[in-house]
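Structure, as structure tokens:
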Amino acid sequence: MSESLAAVPDVEIDPEGTFKYILVKVKNGDVSKNIVRGTKSAEYHNHIFEKVKPALEALGMECQCLGGGKIEHKSHEKKIRVFGESTGFGKADHSISVEKLKSVFSDYEITWSDDKK
């Protein structure tokens with residue numbers, strides 16, 4: 001993996017609450033990886049992508065939103081639930097998102113479903 005791509009964190013989500021998230025494919029030359037971004041401050045999924053895309057492009061990388069959903073993060077219980085979908089981007093592959101989350105929150109119970117709520 002390229003050094004600059006390795007410097008992009010795999011996961012950046014809010015520390016608590018239920019919020020929208022997106023799964024983004026980041027590409028630097030021939031190398032790519034998926035990242036998870038989520039925040040309560042985003043009213044819509046595209047608001048997250050509108051912040052992520054320019055920051056990555058400024059580093060010379062390409063990015064594509066692969067879909068979205070919601071994350072319920074209960075830090076005091078060490079639990080994360082991934083569910084739902086994005087109206088604009090479609091449903092992310094939650095299983096990929098969960099694997100990324102597990103790499104950062106290794107001591108958490110992390111689950112996913114196709115439930116809407």
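The values are calculated or read from the model by the stated rules, or taken from the named source; none is laboratory data. Please read all numbers here as calculations on a predicted model, not as lab measurements. FYI the Cβ positions are ideal-geometry reconstructions off the backbone, even for glycines, and counts take in every protein chain you see. The accessibility values were calculated without ligands, DNA or RNA, using every heavy atom of the protein model including side chains. Shrake-Rupley method; radii C 1.70, N 1.55, O 1.52, S 1.80 Å.
Structure notes:
- Unmet criterion (only one of (1) surrounded by 16 or more Cβ atoms within 10 Å (Cβ to Cβ); (2) touching a helix residue (DSSP H, G or I) at 6+ places or on another chain (Cβ under 8 Å); (3) not polar (S, T, N, Q)) for LEU5: (2)
- LEU66 satisfies every condition listed in (1) assigned to a strand (DSSP E or B); (2) in contact (Cβ under 8 Å) with a residue 60 or more places away in the chain; (3) of a type outside the set (S, T, N, Q); (4) open to solvent by 30 Å² or more (accessible area, probe 1.4 Å) except (2).
- Output for region 36-63, where each listed residue is in a loop (DSSP other than H, G, I, E, B) and surrounded by fewer than 20 Cβ atoms within 10 Å (Cβ to Cβ): LYS40, SER41, GLU43, TYR44, LEU59, GLY60, MET61
- For region 72-107, filtered to residues that are in contact with a helix residue (DSSP H, G or I) (Cβ under 8 Å, 6 or more places away or on another chain) and either open to solvent by 50 Å² or more (accessible area, probe 1.4 Å) or of a type in the set (A, V, I, L, M) (or both), the residue that is nearest to GLY29 (Cα to Cα) is PHE89.
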